[in-house]
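Some notes on the structure that comes next.
Rule-based calculations on the coordinates, nothing more; no lab input. The model shown is predicted, which means the values in this text are computed figures rather than measured ones. Please note: Cβ atoms are built from the backbone with ideal geometry, for glycine as well, and neighbour counts cover all protein chains shown.
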């Protein structure tokens, strides 16, 4: 029991380091980029990133959850682990081919500027390289330090050289090029770590990779629905509103995502542990410790939102302050919604119900956006309102399911 707690603490600590750097490194370059790039150019970058994020979701296809679970269930059997890793990588490569076709069609359809297609294709290269980072394996064996170290390698390279090579709109293509260089270095590091763990790729039939895709579909739907909240908004804003509006939304969404990144270490570290223990006491303790901190953070944003925006992005983005303040409900409800998802419902075999909650929320989101379009009220303010409602629906549906399935949890402290 003591060993289990020590592992959970170590993994949570490493994931906190990971998410702090995920928060810190982008916030280093964000003030720089918002000041040297025009709002139109920065808005175009935000739009392309939203499109590339969809391609990444297609390639990942929920494997971070399904393959992690399979690695845990291998119970250290290296032969089984080798097949899981190999078939998962093959499945991702197959999905990358599909994603590439979708990306080409999307770029041709919505290309607004001469460099957007090139930017999109270069960004896709780094997404394909990320297939070989094998985070699902290291998460499954509860060695989060490898995930943290590879991220530090990957992002430190792109962060440092951003200040050296990007001086204005004309240098914008250096952003995806630096990502490619950073991911390549991280892949080399991961291959070395896989060798240390005596993990090797084995030949697997395409049919086995296809079965892995089919078994991960429910996880994909959940991931797609959850991630679609932010990405869909950004994509539609980029299509129908101005580049400046896209820049405002992208800035605020990045700040919200940075704050939510502080939630992920807790839920990520809890997932493999809850798969083994199903302890209700652990979840209650986490909520009691962290919800007061989240409330305090929400109050800071409400009363100090303007100086936060001005310090981070500069005066050009002063008009985006109200967006950050009105997105506070998302920050409040997203932590319990995340925790009650895969760590809680997923650990008791309710994966399909987790997916149902995210699909319901996604439908709420899409319906809200359609209503705004029909009423000719597709504005940033109204989109924020829809986003808040969506997050509350996600939390509420998961809470109801946890109450319904409360007899499935281990009541003892583990």
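Treat the count of other C-beta atoms within 10 Å as a stand-in for reagent exposure and order 379, 162, 390, 148 from fewest to most.
Result, fewest neighbours first: 379, 162, 148, 390.
Working from the pairwise distances between different alpha carbons, so that the mean of 1/r is found and then inverted, what is the range 216-414's Kirkwood radius in Å?
17.8 Å
Could you compute the FRET efficiency for residue 284 and residue 200, with r as their C-beta to C-beta distance and R0 at 45 Å, rounded to 0.05?
0.60
With contacts defined as alpha carbon pairs under 8 Å and 6 or more residues apart, what's the relative contact order of the range 37-214 in percent?
Value for the range 37-214: 32 percent.
I'd like the projected area of the range 37-214, averaged over all directions, using the convex hull of its alpha carbons. Report it in nm² with one decimal.
10.5 nm²
If I model a spin label as a point 7 Å beyond the Cα along the Cα-Cβ vector, how far apart are those points for residue 276 and residue 376 in nm?
6.1 nm
Hey, can you rank 30-41, 242-253 by average C-beta count inside 10 Å, highest first?
242-253, 30-41
For the range 202-305, what's the radius of gyration and Dmax over Cα atoms, in angstrom?
19.2, 58
Given R₀ = 51 Å, what would the calculated FRET efficiency be for residue 101 paired with residue 303, taking r from the Cβ atoms and rounding to 0.05?
Using R0 = 51 Å, I get an efficiency of 0.60.
How compact and how long is the chain, expressed as Rg and Dmax of its alpha-carbon atoms in Å?
Cα-based Rg and Dmax for the chain come out at 21.0, 61 Å.
Compute from the Cα atoms of the range 160-215 the Rg and the Dmax, the latter being the longest Cα-Cα distance, and quote both in angstrom.
Looking at the range 160-215, its Cα Rg and Dmax stand at 18.3, 49 Å.
With the contact rule set at Cα under 8 Å and sequence spacing of 6 or more, what percent relative contact order holds for the chain?
About 24 percent, as a whole number.
Measure out, as a whole number of angstrom, how far apart the alpha-carbon centroids of the range 301-351 and the range 352-400 sit.
After rounding, the separation between the Cα centres reads 15 Å.
Can you compute the label reach from residue 403? Point 7 Å from Cα along the Cβ direction, backbone N cut-off under 12 Å, restricted to the range 322-363.
Once the point is set 7 Å along Cα→Cβ of residue 403, nothing inside the range 322-363 turns out to lie under 12 Å by backbone N.
Does the range 15-124 come out rounded, prolate or oblate, given a ≥ b ≥ c as the square roots of the eigenvalues of its C-alpha gyration tensor, rounded meaning a/c under 1.5 and, failing that, prolate meaning a/b above b/c?
Taking the square roots of the gyration eigenvalues as a ≥ b ≥ c, the range 15-124 is oblate.
Treating only the Cα positions of the range 333-394 as identical point scatterers, give the base-10 log of I(q)/I(0) from the Debye formula at each q in 0.22 Å⁻¹.
-0.82
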